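Colleague: Let me give you the structure first, and then I'll get to my questions.
The values are calculated or read from the model by the stated rules, or taken from the named source; none is laboratory data. From a predicted model like this one, the values you see are computed outputs, not experimental measurements. All Cβ positions, even for glycine, are placed from backbone atoms using ideal geometry, and neighbour counts span all protein chains on display. Note: accessible area is taken over every heavy atom of the protein model, side chains too, but ligands, DNA and RNA are not part of it. Shrake-Rupley method; radii C 1.70, N 1.55, O 1.52, S 1.80 Å.
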Amino acid sequence: MTESPEEPRTLRVGLLQTAPVLGAVEENLSGIAELRDGLGPVDLALTPELSADGYGFAPHPRAGLLAADDPRLTALVAAGVGVGFAERNPSGLPWNSYLLADPLTGTRHLHRKLQPVSYAPWNEHLSFQPGEELRTAGFRAARIATAICNDMWHPVIPWLAARAGAEVLIVPVASMDGTDPVRVRRTWDLILEHTAVLLQCYVVFVNRCGTDDGARFWGGSRVLGPDGGVLARLGDEPGATAVELDMAGLRRLRAEVPLLAESRTGFVAGALSPGRHREGEQFRV
């Protein structure tokens, strides 16, 4: 009797922290490829939000928008590189999208930012159409989901991803220093650690660095384990690093301490039902 090959128990993830220039798509993609080539063997290499286009604080010119099947993306994506880009929308504003694929199976995972920031100085709601779906996908040894930057500031999004089976949460970001860099970084520390511990997942945070339209982006890309500890971290300059994620250990933790399995989803659904709650009343199932 022929033995079936053993299921992979780990996922090796690379961080590609870049400093994309607004509108310089060819140069940005070339820089991503160069970083990836120097990283060594990984199952998945991840870049920041809008890593192909640069960020900017105004609508992206329609002529420069990419489609999800644009050949300029496909070579990188087919090699297991996750790329953030402004995706052409035939019926309106573009989407702020993130695309990756499993080189072994060809499975593609496309996420469109669900929560474009609606306030200054970002005003992303004026530049991007919000996405409508939150998906998970099998990728080698893990089940993954993506939450782009401000998606993480709405805790229901990572919770829904974990409830749908996500074990690795990919968080591409374009976070700038702003007027209070200490507060910005501290807030991200709290969001990422809270997510990793309470949702019992690996969190892969990939922020950009450099400057764009006068704003300074602080990098600090990192991977957190389900205990909230940082497994790998980058500084404030372009760079790359990799870490191996123990998926078997994560599954043991979820089995021993079933925080997600014990969630009372019926209560949540009932509490959010139209007309179920009026201000000042208590939630009841």
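Colleague: Within region 75-90, restricting attention to residues that are open to solvent by 30 Å² or more (accessible area, probe 1.4 Å) and assigned to a helix (DSSP H, G or I), which residue is nearest to Glu132 (Cα to Cα)?
Modeller: Here the answer is Ala78.
Colleague: I would also like to ask the following. Looking at region 227-253, I want the residues that are open to solvent by 30 Å² or more (accessible area, probe 1.4 Å) and among the polar types (S, T, N, Q) and have a partner that is at pLDDT 95 or above and in a strand (DSSP E or B) with Cβ atoms under 8 Å, at least 6 apart or on another chain. Which pairs are those?
Modeller: Thr241/Gly14; Thr241/Leu15; Thr241/Ala232; Thr241/Arg233
Colleague: Something else now. For region 230-268, give me the residue count where each residue is out of contact with any helix residue (DSSP H, G or I) (no Cβ under 6 Å at 6 or more places or on another chain) and either closer than 28 Å to Ala45 by Cα or modelled with pLDDT under 75 (or both).
Modeller: Residues of region 230-268 that are out of contact with any helix residue (DSSP H, G or I) (no Cβ under 6 Å at 6 or more places or on another chain), as a first pass: 230-239, 241-259, 261-268.
Imposing the further condition that a residue be either closer than 28 Å to Ala45 by Cα or modelled with pLDDT under 75 (or both) reduces the set to 230-239, 241-254, 268.
Adding up the residues that qualify gives 25.
Each row is one residue, and each column tells you yes or no for (1) in contact with a helix residue (DSSP H, G or I) (Cβ under 8 Å, 6 or more places away or on another chain); (2) farther than 18 Å from Arg208 by Cβ; (3) modelled with pLDDT of 95 or more; (4) among the hydrophobic types (A, V, I, L, M, F, W, C).
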site: Glu49; (1), (2), (3), (4): yes, no, yes, no
site: Gly82; (1), (2), (3), (4): no, no, yes, no
site: Phe85; (1), (2), (3), (4): yes, no, yes, yes
site: His109; (1), (2), (3), (4): no, yes, yes, no
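Colleague: Let me spell it out: the conditions are (1) part of a loop (DSSP other than H, G, I, E, B); (2) open to solvent by 60 Å² or more (accessible area, probe 1.4 Å); (3) not hydroxyl-bearing (Ser, Thr, Tyr), and His125 meets all of them except one. Which number is the exception?
Modeller: (1)
Colleague: For the subset of region 37-69 comprising residues that are small (Gly, Ala, Ser) and touching a Leu at 6+ places or on another chain (Cβ under 7 Å), which member is surrounded by the fewest Cβ atoms within 10 Å (Cβ to Cβ)?
Modeller: First, the residues of region 37-69 that are small (Gly, Ala, Ser): 38, 40, 45, 51-52, 54, 56, 58, 63-64, 67-68.
Retained after the next criterion (residues that are touching a Leu at 6+ places or on another chain (Cβ under 7 Å)): 45, 52, 54, 56, 68.
Numbers: Ala45: 25, Ala52: 26, Gly54: 23, Gly56: 19, Ala68: 16.
Looking at the filtered set, the residue picked out is Ala68.
Colleague: Are any residues in region 143-161 closer than 26 Å to Ala79 by Cα and surrounded by fewer than 22 Cβ atoms within 10 Å (Cβ to Cβ), and if so, which ones?
Modeller: Arg143 - this is the single residue of region 143-161 that is closer than 26 Å to Ala79 by Cα and surrounded by fewer than 22 Cβ atoms within 10 Å (Cβ to Cβ).
Colleague: Residues being surrounded by fewer than 23 Cβ atoms within 10 Å (Cβ to Cβ), of a type in the set (Val, Ile, Thr) and either touching a strand residue (DSSP E or B) at 6+ places or on another chain (Cβ under 9 Å) or on the phi > 0 side of the Ramachandran plot (or both): count how many of those fall in region 162-184.
Modeller: Selection size over region 162-184: 1.
Colleague: Would you point out the residue of region 185-226, among those that are modelled with pLDDT under 95 and of a type in the set (Asp, Glu), that is least open to solvent (accessible area, probe 1.4 Å)? Don't jump to the end; show me each part of the working.
Modeller: Applying the first criterion (modelled with pLDDT under 95) to region 185-226 yields 211-215.
Now narrow it down to the ones that are of a type in the set (Asp, Glu): 212-213.
Details: Asp212: 8, Asp213: 106 Å².
So the residue we want is Asp212.
Colleague: Among Leu93, Leu100, which is the only one that is over 14 Å from Leu22 (Cβ atoms) and open to solvent by less than 60 Å² (accessible area, probe 1.4 Å)? Let's see the steps before the verdict.
Modeller: On the way: Leu93 fails: open to solvent by less than 60 Å² (accessible area, probe 1.4 Å).
Selected residue: Leu100, the only one of Leu93, Leu100 that is over 14 Å from Leu22 (Cβ atoms) and open to solvent by less than 60 Å² (accessible area, probe 1.4 Å).
Colleague: Same structure again: Of all residues in region 49-74 being in contact (Cβ under 8 Å) with a residue 12 or more places away in the chain and in a helix (DSSP H, G or I), which is nearest to Ile170 (Cα to Cα)?
Modeller: Looking at the filtered set, the residue picked out is Leu73.
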